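All remarks here apply to the structure that follows.
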Amino acid sequence: MAQQATPVRRARLGRTLGPEPAAVSGVVLLLPGGDETSTRKPSALGTSAIRALGRRLARAGSEEGLATHVVHYRYRGWNGSEAHLAHDASWAADEVVRRYGDVPVCLVGVDMGGRAALRAGGHEAVNSVVAIAPWLPEEDVAAPPEPVKQLVGRRVLVVHGTNDERTDPELSFRLATRAKKANREVCRFEVHSDGHGLHQHRGEVIALAEDFVMGALFGRALSRPVEDALAAPPPLGLRMPLASGFGRRR
């Protein structure tokens, strides 16, 4: 039986979340999760988890001219050396340049999208990366390690629940450690007792991402915990606990 050909699809950007700014001065690209291997079309349900974060960021950056888009992948899977999700993230950054010109871009990814954000972080338009509960491959002495040199010159935030049973938090710590050696602008927060979806502390995680993204794209003052995490040497700045109630107004 002849092998069925992989369907050819195109990645695309979703509509801007919230009102589209009259003049765009910064862009967030939201990268949903995916599967390790799959050539199926991504499901709409896969983008729902990241839309709440996107809407929050869109509101926070509306006065500065922030445009926030969900990236719709060609395929659901990373698919080994094809790295489809990372290529689609890079394509999306190219599309931002085509649409909006020379504006800073922040890649925000969850799960497999976190890996895509880290891998595509070397795009010339990207100045920052947020990886939330990123899926990373198990380390293999026979294979090259996940690259980090592309993150030099970018500000990077990794967030991971300590009780994540789907994506290993120790792998994101190891990657952040290697990245920190090449780029001091890397920090990582641990959400104690929370799992993969970070449901127990979702408000704090969203507030942390907002704080980081607004600082990276528009130069807003960072919160003290983020400043401390970026300045601290490993492992302190890479195992920074996310405090309960982070971001709540007093």
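Residue by residue, here is whether (1) at pLDDT 95 or above; (2) surrounded by fewer than 16 Cβ atoms within 10 Å (Cβ to Cβ); (3) assigned to a strand (DSSP E or B); (4) touching a helix residue (DSSP H, G or I) at 6+ places or on another chain (Cβ under 7 Å) holds:
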position	(1), (2), (3), (4)
R188	yes, no, yes, yes
D194	no, no, no, no
L198	no, no, no, yes
A207	yes, no, no, no
E210	yes, no, no, yes
V213	yes, no, no, yes
L217	yes, no, no, no
D228	yes, yes, no, no
Does A58 meet the test of being open to solvent by 10 Å² or more (accessible area, probe 1.4 Å), modelled with pLDDT of 95 or more and either touching a strand residue (DSSP E or B) at 6+ places or on another chain (Cβ under 7 Å) or part of a strand (DSSP E or B) (or both)? yes
Check segment 3-15 and report whether any residue there is open to solvent by 60 Å² or more (accessible area, probe 1.4 Å), touching a Gly at 6+ places or on another chain (Cβ under 6 Å) and more than 21 Å from V205 (Cα to Cα). no
Which residues, taken from segment 108-139, are farther than 12 Å from V158 by Cα and in a strand (DSSP E or B)? V126, N127
I'd like to check something: does segment 149-165 contain any residue that is of a type in the set (A, V, I, L, M, F, W, C), assigned to a loop (DSSP other than H, G, I, E, B) and over 24 Å from R55 (Cβ atoms)? yes
If a residue must be more than 20 Å from L217 (Cα to Cα) and surrounded by fewer than 18 Cβ atoms within 10 Å (Cβ to Cβ), how many such residues does segment 16-48 contain? 10
Residue that is of a type in the set (D, E, K, R), at negative phi and touching an Asp or Glu at 6+ places or on another chain (Cβ under 6 Å), where the choices are R76, R55, R119: R76
Residue count, segment 11-38 (criterion: closer than 16 Å to A209 by Cβ and in contact (Cβ under 8 Å) with a residue 60 or more places away in the chain): 8
Would you mind finding the one in A221, A182, A142 that is open to solvent by 40 Å² or more (accessible area, probe 1.4 Å) and out of contact with any helix residue (DSSP H, G or I) (no Cβ under 9 Å at 6 or more places or on another chain)? A142
Flagged in segment 91-106 as open to solvent by 40 Å² or more (accessible area, probe 1.4 Å) and either touching a strand residue (DSSP E or B) at 6+ places or on another chain (Cβ under 9 Å) or in a helix (DSSP H, G or I) (or both), in numbering order, are W91, D94, V97, R98, R99, Y100
With within 15 Å of E36 (Cα to Cα) and without any contact (Cβ under 8 Å) to a residue 60 or more places away in the chain as the only criterion, which of R115, R98 stands out? R115
Please state which one of V130, V148, V152, V158 is in contact with a helix residue (DSSP H, G or I) (Cβ under 6 Å, 6 or more places away or on another chain) and open to solvent by 40 Å² or more (accessible area, probe 1.4 Å). V152
Out of the residues in segment 62-86 meeting the condition of being under 17 Å from the mean Cα position of the chain (by Cα) and in contact (Cβ under 8 Å) with a residue 60 or more places away in the chain, tell me which one is most open to solvent (accessible area, probe 1.4 Å). H72
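The values are calculated or read from the model by the stated rules, or taken from the named source; none is laboratory data. Quantities reported herein were computed from a predicted structural model and do not represent experimental measurements. In this analysis, Cβ positions are derived from the backbone assuming ideal geometry, glycine residues included, and neighbour counts consider all displayed protein chains. The protein model used for the area step is the full one, side chains on, heavy atoms only, and it has no ligands, DNA or RNA in it. Shrake-Rupley method; radii C 1.70, N 1.55, O 1.52, S 1.80 Å.
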